[in-house]
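> If you scroll down you'll find the structure; I have some questions about it.
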Amino acid sequence: MKWKPGKRNPRLEDRRGQGGGGGFGFPSGGGGMGLPIPGGSGGKMGVGTILIVIVLFFVLRGCGDGSGGGSGFDIPGLPADQTQVPPAQDTQQPVPAGQEASDQGKEFVNFVLTDLDGFWNQQFRGLDRELQPPGLVLFSDAVNSGCGQASSATGPFYCPLDQKAYVDLTFFNQLDSQFGAPGDFAQAYVLAHEYGHHIQQQLGIEKQVRSQSSANPDDANELSVRLELQADCFAGLWGRSVYEEGILEDGDLEEGITAAEAVGDDRIQQKTQGRIDPESFTHGSSEQRRTWFRNGFDSGDTQECDTFAGDSV
C-alpha cells in the first residue's frame, strides 16, 4: 500500500505496556446472533426486521464512485441486555522502552483508521446522517475494555459497549507466520473488518441481532456468521475505495483475500483441532469470507453486503 505517516488520529489510543490486570474473559451470553426474522418463513433467514434496518441505510446507495460486537477472529460474547457505556477519554501513554520498533505499525494503524473515517463519514453524510467514529486501542498482552478484560489470544476485537476496536500489533506477526497471510493490506483488512462492526453498531444491526440471538439461541451461530461476513463485505467496500484512490499496489488485493481465507472457521479448526465442524462455525468458512470480501471490493455497492437475505451466505 502507498501509505505515509500523517496527523495523529485523536481516537487512536496507545495502551501498550499497561497490561489489563486480573483474569481474562468477556461476560458470557449472547455473543452469537439468533433470530427467526419477522417476515421470514420456516425459520429461514428472510427479508425482515434486520434487513429493513440495512435497507434504510443502503437503498439505492453505492460506493463505486469512491463515495462480536465481534472480531472476525474470536468474538467476545455479550449479554443481550448489556447497555452501552460512554467511550473513555484518550489514555495515550508514551511507548514503553523496547517497543519503539512498533511505532511504524502504529503509524500504519493511524493511517488506515483515518482513511476509514473519511470513507464512512462520506457514506453517512450522503444519507444526512452523522457517523460517530470508533476509537481504536493498541495494547500488549492484555487490556480492559467496555466488554470486559481480554488477552492477546482473543485476537483483534470490537466492543460495541464502548465503541472501540482493540488490536495487539503482534497479531499481525501471527497473521503472517501462523496464518500465512503477510502484507500491509492483509493487516488493513483486519482493521477494516473491525471498523465494519462499528458501522453495524451505528446502524443498530449489531444490537438487534444480539437481542434476537438471545431470544432464539438455536440460530445464534448462523447469525453470527452472517454478521461477520457483512463486516468482511464492508471491509471490501473500503478496499475498493482505496483502490480507486490509487493507494493499492500490485499484489495488495491478493494479500487481503489471503487474509480473509486464512481466518475462516474451517481453516482455523483444521489447524487447531484437526477436524472441521461446520455446525460450530461463528465467523464463516474460508470460501465465504473470501466471497463476501470480494463482493464488497468488486461491486463497490453497499447493497451487495446484505448477508441477511434468504440463503445469501
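> Return yes when GLY126 is over 14 Å from the mean Cα position of the chain (by Cα), closer than 19 Å to LEU203 by Cα, open to solvent by 20 Å² or more (accessible area, probe 1.4 Å) and among the small types (Gly, Ala, Ser) and no when it is not. Write out each step before concluding.
On the way: over 14 Å from the mean Cα position of the chain (by Cα): yes; closer than 19 Å to LEU203 by Cα: yes; open to solvent by 20 Å² or more (accessible area, probe 1.4 Å): yes; among the small types (Gly, Ala, Ser): yes.
Yes.
> Can you confirm whether the stretch 265-280 contains a residue that is of a type in the set (Ser, Thr, Tyr) and buried (at least 17 other Cβ atoms within 10 Å of the Cβ)? Even if it seems obvious, please write down each step before you answer.
First, the residues of the stretch 265-280 that are of a type in the set (Ser, Thr, Tyr): 272, 280.
Going one step further and asking which of them are buried (at least 17 other Cβ atoms within 10 Å of the Cβ), we end up with none.
No - not one qualifying residue is present in the stretch 265-280.
> Give the number of residues within the stretch 143-164 that are among the aliphatic types (A, V, I, L, M), open to solvent by less than 10 Å² (accessible area, probe 1.4 Å) and within 24 Å of VAL263 (Cα to Cα).
Residues meeting the conditions: 2.
Let's see how each residue does on (1) closer than 17 Å to VAL109 by Cβ; (2) at pLDDT 95 or above:
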{"residue": "ARG125", "(1), (2)": "no, no"}
{"residue": "GLU130", "(1), (2)": "no, no"}
{"residue": "PRO133", "(1), (2)": "yes, yes"}
{"residue": "GLY148", "(1), (2)": "no, no"}
{"residue": "ASN173", "(1), (2)": "yes, no"}
{"residue": "ALA188", "(1), (2)": "yes, yes"}
{"residue": "LEU191", "(1), (2)": "yes, yes"}
{"residue": "ILE199", "(1), (2)": "no, yes"}
{"residue": "GLN208", "(1), (2)": "no, no"}
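The values are calculated or read from the model by the stated rules, or taken from the named source; none is laboratory data. Predicted model only: the values in this text are computed from it and were never measured. With ideal geometry, Cβ positions are generated from the backbone for all residues, glycine too; neighbour counts draw on all protein chains shown. For accessibility, only protein heavy atoms count, side chains too; no ligands or nucleic acids. Shrake-Rupley method; radii C 1.70, N 1.55, O 1.52, S 1.80 Å.
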